Amino acid sequence: MESAMQSGGDEDDIICLDESFFINDDYQLTTFKYGDEVLQLFCLQSASTDYDLTGQLVWPGAELLNNYLSNNKQILHGRSIIELGSGVGVTGILCSRFCREIVLTDHNDEVIKVLKKNIDVHSSGTVSHADSFAEKLEWGNNSQLKEILQRHPGGFDLILGADICFQHSSIPLLFDTVVQLLLFKGRGCKFLLAYVSRART
Ligand SMILES: C[S@@+](CC[C@H](N)C(=O)[O-])C[C@H]1O[C@@H](n2cnc3c(N)ncnc32)[C@H](O)[C@@H]1O
């Protein structure tokens, strides 16, 4: 990422700001409840879109999907799952209590740091039973997807996405990745996408 430069009144007066100046990583341990399931994870309470740091907090789409999953746990039992645009990992971590294996993915390095931290916190407890992995995956990036599929050659039974179709330009790439995952597994693979519209009517 490039440093930001600001030119003042004096032409010699150039201020260079490192990217860390813009990044808030003051995460709070926050409690979430979905049906009978209570989980705690590190996240922010408000988002920055400057460097697409939207993944630093939990979005309404995750609340919707997690409530659905906690009421339909049978669809997770014994399954191998991949989540796209995981953010802090609230959906994948809920799934890790019921599924066999979960791969949580995101494209943002800063978001992946807090995602890994949350996975570590939950993997060391007794509630999560699944093998849980964090992977970098930018939608449409075929080499990253290929590496993930090499590490998980059986593919995935379920593809999950919460609040990930808010930016029109990235939707074709998102669906390109989803189609590849569906074709790789063949019959029986499902895609569950949850979104709460923020458009004003
Ligand atoms: C609105 S947040 C939703 C996060 C989480 N799923 C939730 O509902 O709380 C969108 C997430 O998608 C990720 N994302 C956005 N564009 C992406 C892309 N092109 N490839 C991969 N991940 C992307 C962001 O980093 C962010 O974590």
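FRET efficiency for the LYS116 to ARG200 pair, using the beta carbon distance and R₀ = 30 Å, is estimated at 0.25. With a cut-off of 11 Å between beta carbons, the residues surrounding PHE98 carry a summed charge of +3, where Lys and Arg count +1 and Asp and Glu -1.
Between the helical axis of 109-123 and the longest alpha-carbon principal axis of the chain there is an angle of about 40 degrees. Assign one of three labels to segment 37-94, namely rounded, prolate or oblate, based on the Cα gyration tensor with a ≥ b ≥ c the square roots of its eigenvalues; rounded applies when a/c is under 1.5, prolate when it is not and a/b is larger than b/c, and oblate otherwise. Prolate.
When only alpha carbons of segment 94-201 are considered, Rg and Dmax amount to 14.6, 45 Å. For the chain, the longest principal axis of the Cα atoms and the long axis of helix 60-71 meet at an angle of about 20 degrees.
Helix-only arithmetic for the chain: the sum of -39500 (n - 2.57) across DSSP H runs with n ≥ 4, divided by the residue total, places the mean residue ellipticity at 222 nm at -9000 deg cm²/dmol.
Residues whose amide H falls under 5 Å from that of LEU137, counting only those 5 or more places apart or on a different chain, are ASP106, HIS107, with hydrogens built in the peptide plane. Against the longest alpha carbon principal axis of the chain, how many degrees, from 0 to 90 and to the nearest 10, is the axis of helix 142-151 turned? Between helix and principal axis, roughly 40 degrees.
Compactness of the chain, taken as the C-alpha radius of gyration over 2.2 N^0.38 Å, stands at 1.10.
Each value in this text was obtained by applying a stated rule to the coordinates, not by laboratory testing. Predicted model only: the values in this text are computed from it and were never measured. Because the Cβ atoms are built from the backbone with ideal geometry, glycine has one as well, and the counts that use them run over all protein chains shown.
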